[in-house]
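Remarks on the structure that follows.
The values are calculated or read from the model by the stated rules, or taken from the named source; none is laboratory data. Computed from a predicted model, the values in this text were never measured in an experiment. For neighbour counting, all protein chains shown are included, and Cβ atoms are generated from backbone atoms with ideal geometry for every residue, glycine included. Side chains are part of the model used for accessible areas, which takes the heavy atoms of the whole protein and leaves out ligands, DNA and RNA. Shrake-Rupley method; radii C 1.70, N 1.55, O 1.52, S 1.80 Å.
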Amino acid sequence: MQWTYQKGLHDLGNGAYAWLAPDGSWGWSNAGLIVDGEQSLLVDTLFDLRLTQEMLDAMRDAEPGAAGRIGTLVNTHANGDHCHGNQLVEGAEIIASVAAAEEMVELPPEAMAALMKAMAGDQSPLGQFFRKCFGPFEFEGIRHTPPTRVFEGETTVRVGDKTVELIQVGPAHTRGDVLVHVPGDRTVFTGDILFIDGTPIMWAGPVQNWIDACRRIVEMGVETVVPGHGPITDERGVEAVRGYLEYVRDETRKRYDAGMDAFEASKDIALGDYASWGDAERIVVNVDRLYREFSGDDTAPDVPTLFGQMAELAGSRP
Ligand SMILES: [Zn+2]
């Protein structure tokens, strides 16, 4: 099945839907809806309230009964483009991994709004890059709405007669990534374990967890794979992400062993076909994370510095 990559709600059949947001770059995230009978489960909210409301309206048009009152929301991970809209489904049970719930507290929407204000007049390459990535969104007035139920490892949820498996595969992209698998629909919603035609960004690692997560998705034998960003895919999309991670891991290792500085290494690695993926500058974060992994450094990434380096790299590449 060939899916079009168009903004809006896509009916996957049997009461499963994907919400897609081209072009899948910074903050333009996908979401999902799983329906059976009068019950529904939403996979992720969006980066701001306007976008989330637009999506919920489309879902209610498609499923007036079940999506009229969404009973369960799963946040696949802590990044704001997957949970900032939570307050619009208040009353639902909100499920996330323990690690994701903890990470959400560190950069709540209120902090993002303050950060955008502070960067408003910044004419540096960093300020301009930041506005290019996050300027289209409205963070003002969003209230941090945390999960009401957390789990570790794996758990299952019922939606009508459907069984939905929640499988924690992080830390990988972030600290608490979760896959949402609907075996009966042969569908999986992967959150940001998959960026399709866009560059994966590894905030947490270790890289092997992420590679293992890709293998896990392939082993599900599903037909439909809804990524966190980019078009709907299948096994081939999963293998492409795994290929990128393995390639960048191996190329980074060579430069680490040769004593090259991490930022130099991220500029030095030839991206080949991966250069056509969006947001190629994210390799900065991936190489930084791998260097820390190789040296056993467990500390958190220096996010402002990494954004400055991504701004530099994005500016130097066409
Ligand atoms: Zn995302």
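Assorted remarks:
- Against the numbered list (1) part of a strand (DSSP E or B); (2) within 16 Å of the ligand (Cβ to nearest atom); (3) surrounded by fewer than 19 Cβ atoms within 10 Å (Cβ to Cβ), GLU93 comes up short only at (2).
- For GLN39, the criteria (1) touching a helix residue (DSSP H, G or I) at 6+ places or on another chain (Cβ under 7 Å); (2) open to solvent by 40 Å² or more (accessible area, probe 1.4 Å) hold in every case but one, which is (1).
- Of the candidates ARG255, ARG236, ARG292, the single residue that is within 18 Å of ALA204 (Cα to Cα) and of a type in the set (D, E, K, R) is ARG292.
- Within the set ASP61, ASP122, the sole residue that is part of a loop (DSSP other than H, G, I, E, B) and more than 23 Å from ASP192 (Cα to Cα) turns out to be ASP122.
- Entry remark, segment 107-132: residues being within 16 Å of the ligand (Cβ to nearest atom) and surrounded by fewer than 17 Cβ atoms within 10 Å (Cβ to Cβ) number 1 in total.
To keep it simple, each residue is scored yes or no on (1) within 16 Å of the ligand (Cβ to nearest atom); (2) surrounded by fewer than 17 Cβ atoms within 10 Å (Cβ to Cβ).
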residue: ARG215; (1), (2): no, yes
residue: MET220; (1), (2): no, no
residue: VAL225; (1), (2): yes, no
residue: GLY228; (1), (2): yes, no
residue: LYS254; (1), (2): no, yes
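- Any hit, segment 267-289, residues being of a type in the set (A, V, I, L, M), within 23 Å of GLN208 (Cβ to Cβ) and open to solvent by 70 Å² or more (accessible area, probe 1.4 Å): no
- Residues of segment 170-180 that turn out to be open to solvent by 20 Å² or more (accessible area, probe 1.4 Å) and either free of Cβ contacts under 8 Å to residues at least 60 places away in the same chain or under 16 Å from VAL35 (Cβ atoms) (or both), as a count: 0
- Any hit, segment 175-186, residues being touching a Gly at 6+ places or on another chain (Cβ under 6 Å) and over 20 Å from THR45 (Cα atoms): no
- Residue count, segment 76-88 (criterion: out of contact with any helix residue (DSSP H, G or I) (no Cβ under 6 Å at 6 or more places or on another chain), more than 10 Å from the ligand (Cβ to nearest atom) and open to solvent by less than 10 Å² (accessible area, probe 1.4 Å)): 1
- Which numbered condition THR145 misses (of (1) open to solvent by 20 Å² or more (accessible area, probe 1.4 Å); (2) away from the ligand (no atom under 16 Å from the Cβ); (3) assigned to a loop (DSSP other than H, G, I, E, B); (4) on the phi < 0 side of the Ramachandran plot): (1)
- Output for segment 46-58, where each listed residue is outside any loop (DSSP other than H, G, I, E, B), in contact (Cβ under 8 Å) with a residue 12 or more places away in the chain and either among the aliphatic types (A, V, I, L, M) or away from the ligand (no atom under 16 Å from the Cβ) (or both): LEU49, ARG50, LEU51, GLN53, MET55, LEU56, ALA58
- Pairs, first of a type outside the set (A, V, I, L, M) in segment 113-127, second surrounded by fewer than 13 Cβ atoms within 10 Å (Cβ to Cβ) and part of a helix (DSSP H, G or I), C-beta under 6 Å, six or more apart: PRO125/GLY315
- Being under 17 Å from the mean Cα position of the chain (by Cα), of a type in the set (A, V, I, L, M) and buried (at least 16 other Cβ atoms within 10 Å of the Cβ) holds for only one residue in LEU56, LEU49, LEU33, and it is LEU33.
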